[in-house]
1. For the range 228-245, name all the residues that are more than 14 Å from Val363 (Cβ to Cβ), charged (D, E, K, R) and in a loop (DSSP other than H, G, I, E, B).
2. Of the conditions (1) of a type in the set (Gly, Ala, Ser); (2) under 25 Å from Gly326 (Cα atoms); (3) loosely packed, with under 14 Cβ neighbours inside 10 Å, Gly394 satisfies every one except a single condition; which number is it?
3. Which numbered condition trips up Thr408, out of (1) outside any loop (DSSP other than H, G, I, E, B); (2) open to solvent by 10 Å² or more (accessible area, probe 1.4 Å)?
4. Is there a residue in the range 458-472 that is under 13 Å from Asn239 (Cα atoms) and without any contact (Cβ under 8 Å) to a residue 24 or more places away in the chain?
5. Would you tally the residues in the range 446-466 being open to solvent by 80 Å² or more (accessible area, probe 1.4 Å) and under 18 Å from Ile220 (Cβ atoms)?
6. Within the range 323-330, is there a residue that is in a strand (DSSP E or B), open to solvent by 40 Å² or more (accessible area, probe 1.4 Å) and over 29 Å from Asn395 (Cα atoms)?
7. Residues of the range 451-471 being outside any strand (DSSP E or B), of a type in the set (S, T, N, Q) and at pLDDT below 95, which ones?
8. Out of curiosity, is Ala165 under 19 Å from Glu87 (Cα atoms) and surrounded by fewer than 20 Cβ atoms within 10 Å (Cβ to Cβ)?
Amino acid sequence: MPYVSTNPSNTSDVVTEIELGTSRTFVDAAQRAKAAQRAWARVPAPVRGQVIGNIGRLVEANFEPLAQLVTREIGKPIAEARGEVQEIVDTCNFFLGEGRRLYGHTVPSEMADKQLFTFRNPVGVAAIITAGNFPVAVPSWYIVPALLCGNSVVWKPAEYSAASAQAFYDVFQAAGIPGGVFEIVFAEGTETFDGLEQALQQGLVDKVGFTGSSEVGVRIGELCGRHLQTPCLELGGKNPMVVTEDADLDLAVQGALFAGFGSAGQRCTSLGTAIVHESVYAEFLSRFTEAVSGATVGDPTGDVLYGPLLDEKFALAYEKYLGWIGEHHTVHGPTGRITASNPRKGFTGENGLFYHPAIVSGVRADDELFLQETFGPIVGVMKYSDLDEAIELGNKPGYGLSCSIYTTDPNKAFRFRAGISAGMVSVNNSTSGAEAHLPFGGNGKSGNGSRQSGVWVLDQFTRWQSMNWDYSGKLQKAQMDTLAIEANLDYRLG
């Protein structure tokens, strides 16, 4: 079945056309990956690390064309697209060294003439399924460490970012990865799920990584659980930003502007609700509204806050979220699609999926707008009176990916960190923004506690193996044949 990927800034611009595969396509790719994995695992880890280094250099050499393609295909502002490509380079630079640091341990035994060891072994075949809002950075978080650890990979990217995915795959292939070790499959969701189910049943897949919605993540978690596997799930977010009474409000507004509307709010780490102390609520709302009204929206090749929504299906979903705005809310500025009859001052776009930024105040804790992820350019604002209440509100939606607090009081910062359920906490910084050597991941509806990036992701793509080596020449039984040192435990001074 053909699929046409178009430019969301100009929907008449066809970026690429691909042929979508079936469940059989996925299974066949998994079989090839299974056949190639053992030979790849036998390549010394420092040599695999050098391949990762090759990838980093190739991405640098193709930096601007890849960033421009990301901007054209998904409408991400070019500055953010360049940052995304840099994330691949940073990830490769980090894991190049990890090829020489896949450390195990030599452990002392409780018995003489015996040594204990631990080793990191590759899991096997990793099936990676990613969204298209970060079409090249997020896949690298999975694929680079998976390959470094000696696994083979079957990758299913989002269809609406197919051209970016193909370019990413082509760069990786040029780095010297053997055939079958890294497979790419284009398929729609149902066929992918069916293919994954068949591959798991046939023992072809040993690890699943998924970035996407919480709803689909639940289904993948259930499927993997039936095969006694623990997937790496990176799901949605409803990320709170708490603004305390002592916050630097100008800084808080800058953080809210980028977190709420960067990438048109289409990040799992985008700001969901600003929870503002009642004493500074009116002033923050006034400054935030002014900043948003003056921000440039439009052509993502220029200097804009954000460009279009990713794809028509996301525009339709966003229309539903706008329907959650109720009579008790106050909307600051126009909402909906930017058109000639619904214009925006300073708009630089044309025929694309462009939407007004929406600030909605008066949000309540039982609103759908507060409880559910809203993947688009909309931010809720609500009041709180004490920090414990703010923490409770931040945890209430049940997600747990990212959060931030703006305060000049270290006590508040550490109380917030201890009480919030999110896997990532920012102080006086945006809810969005990950570095390649810090763990990335969430809890609750945002994930199953798995982490990507840095050394922490190694536990997703390796399994610990222990070995004991007894060279005493006799059978020594643990906990039974151990040396006992006598002590007088009844001894007391004086």
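The values are calculated or read from the model by the stated rules, or taken from the named source; none is laboratory data. If you're wondering where the values come from, they're calculated on a predicted model, not measured in any experiment. So basically every Cβ, Gly included, is an ideal-geometry build from the backbone, and we count neighbours across all protein chains shown. Ligands, DNA and RNA are stripped out before the accessible areas are found, and what is left, the full protein with its side chains, is counted by its heavy atoms. Shrake-Rupley method; radii C 1.70, N 1.55, O 1.52, S 1.80 Å.
1. Passing the criteria: only Glu245.
2. Here Gly394 clears every test but (3).
3. Among (1) outside any loop (DSSP other than H, G, I, E, B); (2) open to solvent by 10 Å² or more (accessible area, probe 1.4 Å), Thr408 violates only (1).
4. Residues of the range 458-472 that are under 13 Å from Asn239 (Cα atoms), as a first pass: none.
Within the range 458-472 (the criterion being under 13 Å from Asn239 (Cα atoms) and without any contact (Cβ under 8 Å) to a residue 24 or more places away in the chain), the answer is no, since none of the residues qualifies.
5. Residues in the range 446-466 being open to solvent by 80 Å² or more (accessible area, probe 1.4 Å) and under 18 Å from Ile220 (Cβ atoms): 0 in total.
6. Initially, the range 323-330 is screened for residues in a strand (DSSP E or B), giving 330.
Subsequent filtering for residues that are open to solvent by 40 Å² or more (accessible area, probe 1.4 Å) retains 330.
So of that shortlist, the ones also over 29 Å from Asn395 (Cα atoms) come out as none.
No, the range 323-330 has no match at all.
7. Quick first cut of the range 451-471, residues outside any strand (DSSP E or B) only: 451, 453-461, 471.
Filter once more, so that each one left must be of a type in the set (S, T, N, Q): 453, 460.
Listed by number, the list holds a single entry, Ser453.
8. For Ala165, the condition - under 19 Å from Glu87 (Cα atoms) and surrounded by fewer than 20 Cβ atoms within 10 Å (Cβ to Cβ) - is not met.
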